[in-house]
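The values are calculated or read from the model by the stated rules, or taken from the named source; none is laboratory data. Predicted model only: the values in this text are computed from it and were never measured. All Cβ positions, glycine included, derive from the backbone under ideal geometry; neighbour counts span all protein chains shown. SASA here: full protein model, heavy atoms, side chains in, ligands and nucleic acids out. Shrake-Rupley method; radii C 1.70, N 1.55, O 1.52, S 1.80 Å.
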Amino acid sequence: TYQGERADIAHINENFPLLAQQYRLLRKIGEGTFSVVFKAQDLLGRTLKENRWQLPPASLRYMAIKCIHVTSAPERIHSEISKLVALRRAPSVAPMLDAFRYEDRVAIVLPYIKHIDFRSFYPTCSLDDIRHYMYALLLSLRDTHKAGIVHRDVKPTNFLYDHHRRRGFLVDFGLAQVRRGGIHKPLYPPTPSTIVGTPRSESNQLGYLLRDSRPTVRADRAGTRGFRPPEVLLKVEHQTTALDIWAAGVIMLCLLTGRYPFFNSSSDAEALLEITCVHGQMAIKTMAAKYHRSFHCTIPSMRNHPTEFTRLIRLLNEDRPDFLDSKAIDLLEQLLKVDPAERVSAADALSHPFFV
Ligand code: ADP
Ligand code: MG
């Protein structure tokens, strides 16, 4: 509510004098799990010395101030800020202009980026709009990956896209990680099996991890449901920038099918099942085996072979026959390869024929 928002702003002004001296908080523009974001005005009238981001004048007058919840772990806050420092010069990542700490409060200052609401964009966009959106998204990922950073939470609300200027900026590096260097670690710990199908476990879920007496494998699983790639769901320990590419592929799938969210399951095993519906059992089993994992499915009707993306788009988005574009679908296939080693890189995707 408006009143709640005024109270929040008053509370920050009172408890964060350092911030209040320099910025006037105008209104709340976002609220995530880890923060509240306000649109603000710089009271000191500062401007950017160089505008390598080609930000429009409004972005220079207004700021977005991300106030991180006091309950956030200091390590997490440190990690987010250090990624923003590393990406300070990346032209398609919203640059951190300043950061404050006062007692247990931390705030990050970014230029205010005008952006579309994905929920109104995806049902109305044209194929050309999808082309520009995806190009901007892949540019952001190329910059991020070039700096050796995996974002880990690529999704529409973390990519601010200005439809009129056809420019986009990646935000929210709260879950980002420094890419691990080197080649595949040869040592694989015990194999967890994922079984999906008829409810048989006590939790009565559709899919579950097979009861296994061996020690559990620990692998990163930070991210948002519906955007996690097979390697994260199968707990492959060596995860790479390819996981952001998968998420970009899921966004493109939403745009082409006109369905958002496209994948929407709450558990990892069910998420794997959703992916299996598209890619077929064989692709998932082959990929799992390659990474020393195993995958069983007890649903007799689950297809062995993939469902063609062409078919999926025709079925789900029947009013848009123009979306059945062979170049668009080829790019989609490259982004959504089940095996992360086969997935296209952001840099290579930018020269895909879809963009020529
Ligand atoms: P969280 O970690 O809480 O998800 P985000 O950094 O993703 O925080 O910001 C939450 C929301 O605030 C975004 O989805 C977006 O709507 C808005 N937002 C964040 N940064 C900016 C910005 N620089 N300009 C405009 N809006 C922003
Ligand atoms: Mg976010």
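Within the range 33-40, is there a residue that is within 12 Å of ligand 1 (Cβ to nearest atom), surrounded by fewer than 20 Cβ atoms within 10 Å (Cβ to Cβ) and either of a type in the set (D, E, K, R) or more than 19 Å from the chain's Cα centre (by Cα) (or both)? Among the residues of the range 33-40, at least one is within 12 Å of ligand 1 (Cβ to nearest atom), surrounded by fewer than 20 Cβ atoms within 10 Å (Cβ to Cβ) and either of a type in the set (D, E, K, R) or more than 19 Å from the chain's Cα centre (by Cα) (or both), which makes the answer yes. Checking each residue of the range 49-61 against the condition of being more than 19 Å from L26 (Cβ to Cβ) and in contact with a Leu (Cβ under 8 Å, 6 or more places away or on another chain) gives at least one match. Inside the range 269-285, can you point out the residues that are in contact (Cβ under 8 Å) with a residue 40 or more places away in the chain and either farther than 16 Å from P229 by Cβ or open to solvent by 30 Å² or more (accessible area, probe 1.4 Å) (or both)? Hits for the range 269-285 are E270, A283. The set of residues in the range 287-301 being touching a residue at least 40 places away in the same chain (Cβ under 8 Å) and either loosely packed, with under 15 Cβ neighbours inside 10 Å or of a type in the set (S, T, N, Q) (or both) consists of K290, S294, H296, T298. Applying the set (1) within 19 Å of D244 (Cα to Cα); (2) loosely packed, with under 14 Cβ neighbours inside 10 Å; (3) touching a residue at least 24 places away in the same chain (Cβ under 8 Å) to E342 leaves exactly one unmet item: (3). Would you please name the residue that is nearest to P95 (Cα to Cα), looking only at residues in the range 116-149 that are in contact with a Gly (Cβ under 8 Å, 6 or more places away or on another chain) and within 16 Å of ligand 2 (Cβ to nearest atom)? So the residue we want is S140.
A quick yes/no check of all residues on (1) among the aliphatic types (A, V, I, L, M); (2) free of Cβ contacts under 8 Å to residues at least 12 places away in the same chain; (3) within 13 Å of ligand 1 (Cβ to nearest atom); (4) more than 28 Å from T240 (Cβ to Cβ):
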| site | (1), (2), (3), (4) |
| --- | --- |
| A58 | yes, no, yes, yes |
| A64 | yes, no, yes, yes |
| E75 | no, yes, no, no |
| P91 | no, no, no, no |
| F100 | no, no, no, yes |
| I130 | yes, no, no, no |
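Counted as qualifying within the range 1-106 are the helices (runs of 4 or more DSSP H) with 2 or more residues that are within 16 Å of ligand 2 (Cβ to nearest atom) and at pLDDT 90 or above, namely 74-86. Before we move on, is S120 assigned to a helix (DSSP H, G or I), among the polar types (S, T, N, Q) and over 26 Å from H164 (Cβ atoms)? No, not satisfied. Just the residues that are outside any loop (DSSP other than H, G, I, E, B), out of contact with any Leu (no Cβ under 6 Å at 6 or more places or on another chain) and of a type in the set (G, A, S), please, taken from the range 284-309. Of everything in the range 284-309, those that are outside any loop (DSSP other than H, G, I, E, B), out of contact with any Leu (no Cβ under 6 Å at 6 or more places or on another chain) and of a type in the set (G, A, S) turn out to be A289, S294.
Selection of the range 321-346 for residues being touching a Ser or Thr at 6+ places or on another chain (Cβ under 9 Å) and within 21 Å of P123 (Cβ to Cβ) yields D322, F323, L324, I329. Based on this model, can you work out whether I108 counts as crowded, with 20+ Cβ neighbours inside 10 Å, over 22 Å from I65 (Cβ atoms) and among the β-branched types (V, I, T)? No: the conditions fail for I108. Return yes or no: is L139 of a type outside the set (S, T, N, Q), more than 12 Å from ligand 1 (Cβ to nearest atom) and open to solvent by 10 Å² or more (accessible area, probe 1.4 Å)? Yes; evaluated as a whole, the condition is true for this residue.
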